[in-house]
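Here's the structure, in structure tokens; my notes come after.
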Amino acid sequence: MSLEINQLTGGYAHVPVLKEVSFTVPNNQVVGLIGLNGAGKSTTIKHIIGLLTPQKGTITLDGVTLQSNPDQYRQKVAYVPETPVLYPELTLKEHLELTMMAYDLNVEETWVKANALLKRFRLDNKLDWFPVHFSKGMRQKVMIVNAFMTNADLFIIDEPFTGLDPLAIHDLLEIIAEKKAQGAAILMSTHILATAQQYADSFVLLNQGRVRTTGTLEELKIEFNMADADLDDIYLQMTKEG
Amino acid sequence: MQALWQKRVQKHIQEQVKYLRLVFNDHFVIAIIFLLGALGYTYANAVKGLDPQAWWLKPVLSLVLLAAVSFGRLATLLKEADSVFLLPKESGLVTYLKSARLYSSWLPLIAMAFVTLLVAPLLLITKTVPAWHIAVALITLVIIKDRRFSIQLRQWYQADETQATKGLSLILDLAIIASQLYQWLNLVGVLVALGLAYYQRQQLARVQKTQLFDWLAAVGAEDSRMGRIYRLYNLFTDVPGLSSQVKRRRYLDGLLKPITAKPANTYLYLYARGFLRGTEFSGLYIRLVVLGGIILCFSHIWWLSLALGLLLIYLVGFQLLPFYNQYDQIIFTHLYPVPTTKRIQAFSQLMRTLLLLQALLFSVILLVTLGMTIQVGLSVLALFVLVIGFVQFYLPKRLGA
């Protein structure tokens with residue numbers, strides 16, 4: 001049980017950005033989605049969270065598709081966007097409350113989790129603040145707390161490391177590891193390859209809307225025929241192939 | 001610099017025309033014509049019924065004219081990047097600003113002429129001044145405006161030691177305007193205004209020769225001026241890149257209490273908070289309801305009141321519709337596992353509350369101004385029927401599509 005993407009072709013209007021993309025994100029795993037700007041990372045994510053409808057192919061999450069049971073599907077997904085977006089009229093506390101309402105979470109249990117997360121990200125004394133008063137990094141932390149206090153089965157994290165301070169990056173990686181240990185599937189898109197190499201279990205390399213290859217770092221090394229390469233070298237090699 | 005101004009003004013006018021066309025859509029124009037007709041009618045009646053000897057007439061006239069002279073600011077069309085790119089061209093700025101000043105004069109001139117003509121009957125019914133005073137009064141207003149432009153421009157030069165205090169200047173303006181309402185005194189007033197305006201022009205010329213331009217202040221002023229215009233447009237149409245202000249309004253939290261934190265209330269929770277704390281839609285609602293209430297207070301004919309009441313309720317309901325899509329930009333609104341029908345329900349509930357409140361207020365006004373009659377009773381009923389119809393039938397159809 002996990003996220004399965006099968007022969008996905010899609011994109012905006014009638015221009016297919018993605019061509020026959022297939023990969024899986026198994027439970028208990030962090031999968032890194034790697035690719036150049038414009039390779040199709042964000043488009044893939046938009047398809048998974050249901051902002052775009054596939055032109056061909058299927059996306060199933062634990063056997064559920066967005067078309068067959070949208071509410072159940074959405075219940076399972078938590079998303080941290082690359083650019084933090086918040087409701088300008090809601091305080092931090094109200095954002096969390098709204099999420100609990102929307103996802104029908106147990107209020108008491110979730111607040112315990114939320115408070116722990118808030119403390120970790122040093123937001124616990126800012127519950128009554130409005131988004132305009134938050135810096136970009138703080139907004140991103142709000143997004144992270146919002147996503148990770150849920151009981152989602154799949155976490156989608158879009159470029160999480162830019163804008164966060166080193167301490168927050170460390171905390172985020174820890175939280176990701178905890179969720180992974182609890183059985184969640186995690187899809188993370190990023191350009192920070194060193195971090196990805198260290199924390200992701202396997203990788204999906206996207207190039208020009210197609211999956212170039214998938215696998216663990218070891219498998220990638222064999223695939224690219226680069227014995228003692230790191231992810232950086234493999235990435236550069238991939239871009240050279242054009 | 002002259003060419004730059006020409007180009008800027010052309011682009012500016014193009015953009016204004018584009019937005020004005022969106023603001024004055026068919027719907028809105030019909031409503032405006034209706035409202036203006038009703039306003040004109042009640043105003044004409046009010047003037048006829050007025051006591052020409054009323055003590056408050058001249059003070060109120062002075063204040064209205066003072067407000068008229070305050071309408072419209074100096075449009076420089078300067079942009080933020082100018083403070084970097086035009087820096088070496090600072091000496092050419094004087095001609096640029098001259099053109100800007102000339103261009104900025106048209107709108108205030110029209111507004112002042114309009115207001116002066118509008119209040120002219122009020123002055124003439126007192127029979128204390130001859131009709132040519134109206135023309136002198138308008139000329140005086142123009143001269144005051146010219147002085148104000150000079151002062152405004154002066155403030156955009158650095159280290160200007162003689163900053164005129166705003167309060168004093170305002171009292172002076174009021175005195176000059178008040179003088180226009182009395183025979184012969186008005187000629188003294190116009191001469192004083194002329195002298196002051198000349199003095200400020202001299203000062204401005206001196207400052208422009210000796211001081212450096214304060215780019216930050218001038219660009220900031222232009223930004224806030226354009227911001228105001230776009231906020232106004234934003235009430236009627238979407239202006240890209242414009243976000244309205246948010247206020248905490250803790251005192252309203254009591255109103256939000258009944259919306260408990262349960263899944264069924266997800267969107268109501270969001271919409272209610274967004275409405276009360278955002279300034280855009282709540283401001284629109286308050287303005288239209290209060291303005292409508294005032295207009296209704298002046299109408300003493302039941303069918304006119306009814307027509308206005310219905311129109312205003314429809315107008316408010318219609319103008320609030322875009323609030324439904326307020327949060328479409330925020331990705332989470334699409335991700336919530338809550339069906340769209342629930343969202344429409346929540347929005348309907350908010351609209352129902354707001355429109356019923358409006359209908360209730362209008363009903364009270366109708367009952368007070370027109371008394372308890374069968375017609376008024378039926379009118380009140382009609383207002384509430386419209387609200388229910390709008391929310392129950394029109395709304396789901398509009399939003400579902």
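The values are calculated or read from the model by the stated rules, or taken from the named source; none is laboratory data. The shown structure was predicted, so the numbers you read here are calculated from the model rather than taken from an experiment. Quick reminder, even Gly has a Cβ in these numbers, built from the backbone with ideal geometry, and neighbours come from all protein chains shown.
When B:F347, B:F362, B:F332 are checked against the criterion of being over 24 Å from B:C297 (Cα atoms), more than 14 Å from every other protein chain (Cβ to nearest Cβ), buried (at least 16 other Cβ atoms within 10 Å of the Cβ) and among the hydrophobic types (A, V, I, L, M, F, W, C), B:F347 stands alone in meeting it.
Determine, yes or no, whether B:L122 is assigned to a helix (DSSP H, G or I), under 27 Å from B:H300 (Cα atoms) and of a type in the set (A, V, I, L, M). So B:L122 fits the description; yes. Scanning segment A:106-119 for any residue that is farther than 17 Å from B:Y327 by Cα, modelled with pLDDT of 90 or more and facing chain B (nearest Cβ under 8 Å) turns up at least one such residue. Return yes when B:K397 is out of contact with any helix residue (DSSP H, G or I) (no Cβ under 8 Å at 6 or more places or on another chain), part of a helix (DSSP H, G or I) and under 19 Å from B:Y267 (Cβ atoms) and no when it is not. Yes. Among the residues of segment A:71-96, those that are facing another protein chain (nearest Cβ under 7 Å), crowded, with 19+ Cβ neighbours inside 10 Å and assigned to a helix (DSSP H, G or I) comprise A:R74, A:Q75, A:E94. When segment B:260-274 is limited to residues that are in contact (Cβ under 8 Å) with a residue 12 or more places away in the chain and more than 8 Å from chain A (Cβ to nearest Cβ), the one that is surrounded by the fewest Cβ atoms within 10 Å (Cβ to Cβ) turns out to be B:A264. Among the helices (runs of 4 or more DSSP H) confined to segment B:239-346, the ones with at least 2 residues that are small (G, A, S) are located at B:266-277, B:280-298, B:302-320.
Hey, could you check segment A:45-70 for residues that are among the hydroxyl-bearing types (S, T, Y) and part of a loop (DSSP other than H, G, I, E, B) and say which is farthest from A:P160 (Cα to Cα)? Quick ask: steps written out before the conclusion?
To start, the set of residues in segment A:45-70 that are among the hydroxyl-bearing types (S, T, Y) comprises A:53, A:58, A:60, A:65, A:68.
Remaining after also requiring part of a loop (DSSP other than H, G, I, E, B): A:53, A:68.
Working: A:T53: 25, A:S68: 30 Å.
Among those residues, the one meeting the criterion is A:S68.
Residues are listed down the side, and each one gets a yes or a no for (1) closer than 26 Å to B:N186 by Cβ; (2) without any contact (Cβ under 8 Å) to a residue 24 or more places away in the chain; (3) within 20 Å of the chain's Cα centre (by Cα); (4) assigned to a helix (DSSP H, G or I):
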residue	(1), (2), (3), (4)
B:G40	no, yes, yes, yes
B:A46	yes, no, no, yes
B:W55	yes, yes, no, no
B:V64	yes, no, yes, yes
B:L74	no, no, yes, no
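Considering every residue within segment A:24-35, establish whether at least one is part of a helix (DSSP H, G or I), surrounded by fewer than 22 Cβ atoms within 10 Å (Cβ to Cβ) and either without any contact (Cβ under 8 Å) to a residue 40 or more places away in the chain or of a type in the set (D, E) (or both). It would help to see each step written out before you state the result.
First pass over segment A:24-35, keeping only residues part of a helix (DSSP H, G or I): none.
Looking for residues that are part of a helix (DSSP H, G or I), surrounded by fewer than 22 Cβ atoms within 10 Å (Cβ to Cβ) and either without any contact (Cβ under 8 Å) to a residue 40 or more places away in the chain or of a type in the set (D, E) (or both), one finds none in segment A:24-35, hence no.
Exactly one residue among A:S189, A:S202 is farther than 27 Å from B:I331 by Cα, crowded, with 19+ Cβ neighbours inside 10 Å and within 15 Å of the chain's Cα centre (by Cα), and that residue is A:S202.
All conditions in (1) among the small types (G, A, S); (2) not assigned by TED's automatic domain parsing to the domain that holds B:V142; (3) not in a loop (DSSP other than H, G, I, E, B) hold for B:G195, with the sole exception of (2). Scan segment B:369-379 and give yes if some residue there is under 16 Å from B:L315 (Cα atoms) and assigned by TED's automatic domain parsing to the domain that holds B:S299, otherwise no. No; the residues of segment B:369-379 include none that is under 16 Å from B:L315 (Cα atoms) and assigned by TED's automatic domain parsing to the domain that holds B:S299. Taken as a whole, the structure places B:L256 among residues that are out of contact with any strand residue (DSSP E or B) (no Cβ under 7 Å at 6 or more places or on another chain) and either modelled with pLDDT of 85 or more or within 14 Å of chain A (Cβ to nearest Cβ) (or both).
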